[in-house]
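The structure under discussion appears below in the form of structure tokens.
Values quoted throughout were computed directly from the atomic coordinates according to the rules given, and no laboratory measurement underlies them. Everything quoted here is computed from the prediction, not taken from an experiment. All Cβ positions, glycine included, derive from the backbone under ideal geometry; neighbour counts span all protein chains shown.
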Amino acid sequence: MTYDSERRLRSRRLEDLERDNLFALSLDILLVCGFDGVFRQVNPAMEHLLGYTTLELTSRPFIEYVIPEDRPATQEQFAHCMGGDRVVTFENRFRHADGSSRWLQWNGTPDLERQVIYASARDITDRKRVEAEVARLAAIVESSEDAIIGVSLHGVIETWNAAAEEMFGWRAADVQDKPLAILIPPGHADHLMQTLDQIRHGRRVSHYETIRRRREGDIINVSLSVSPVRDMAGQVSGASVIMRDITERKKAEAERMNLLQQLEHTLARSKRATGTIQICPVCHRVHAGNGHWISIARYLEDFTDARPVESRCPDHGQAAGP
């Protein structure tokens, strides 16, 4: 064997070793699958991720490990790949040995001559859970009757739900990247910047009542809560502002207070006197019991039920009786 031949052989062995190490140490799934649908070779990452042994994974068609809901789409992608097409970022769910499922994102390249597919897959289960949670929260936000507004730490509007559109009259596109201060009536002292400063320190501001301005300029009463929004690292990256229109409630409270005041006034005037009432037959004034004489009209206006008797006041020659 010549020197060049030996060098090429050593180089090939080194490449094989590096490839084997890459195959064995990769955190992503790496495998070879035959056109018969059976895995020919799988790396340790697949065993670790799905909880099956290599023998189990390579002894039966892989479609049996795919959850039933995802099998039709998986078989369609497999057929395309056997026809010579590459598979790029295809997602499906594999059943874990413990009965749960794992989301996998696949890339595959066929070798038509050898009748195999070289494939890699990445576990995206956590990402899918986050996406599902984000979608759930987005649905809650959009269906909420309260205005929910996402703002930056500088008070710039980033998100604006349907209830905010209805409450304030602006569409989301109209207020995107606008300051939240557009909702504050001119001349109204507000604590927006102080509130955002509390948010920066991770503190929540709950249910304080204030006023806000609609697009048409009319003023509404709102109950307002502000909570910090944190990024994946746990750092405060913005704020969620929730506002509820309490204008009708405030009107009802004012009306109720007015009625209570009227009732108190009526009750005060409806206090009844007892015993006898001294009335002057000349001037027709009534002795009020405190040294003063007042008109009968005023006394009657106070809804007294006492029995009147005649008695002259000092101005008409006779002192008031006992």
* Structure fact -> One finds, for residue 75 and residue 232 with R0 = 41 angstrom and r their Cβ-Cβ distance, a FRET efficiency to the nearest 0.05 of 0.70
* When the chain is fully extended, how far beyond the present Cα-Cα distance does residue 97 get from residue 25, taking 0.36 nm per residue of separation? -> 23.7 nm
* If r is the Cβ-Cβ distance from residue 131 to residue 54 and R0 is 41 Å, what FRET efficiency results, to the nearest 0.05? -> 0.85
* If amide H atoms are built 1.01 Å from N in the plane of the peptide, which residues on other chains or at least 5 residues away come under 5 Å of the amide H of residue 238? -> 229
* Structure fact -> Karplus ³J(HN,Hα) for the range 210-221 (6.51 cos²θ - 1.76 cosθ + 1.60, θ = phi - 60°; Hz, whole; x = Gly/Pro) runs 8, 10, 9, 10, 7, 4, 6, x, 6, 9, 10, 8
* To do: Pull up all non-local amide H partners of residue 101: gap of 5 or more, or a different chain, and H-to-H distance under 5 Å with H placed in the peptide plane.
  => 96
* Could you give the length gained on full extension between residue 207 and residue 140, defined as 0.36 nm per residue of separation minus the Cα-Cα distance, in nm? -> 22.2 nm
* Got the relative contact order for the range 144-250 handy, in percent, Cα pairs under 8 Å and 6 or more residues apart? -> 28 percent
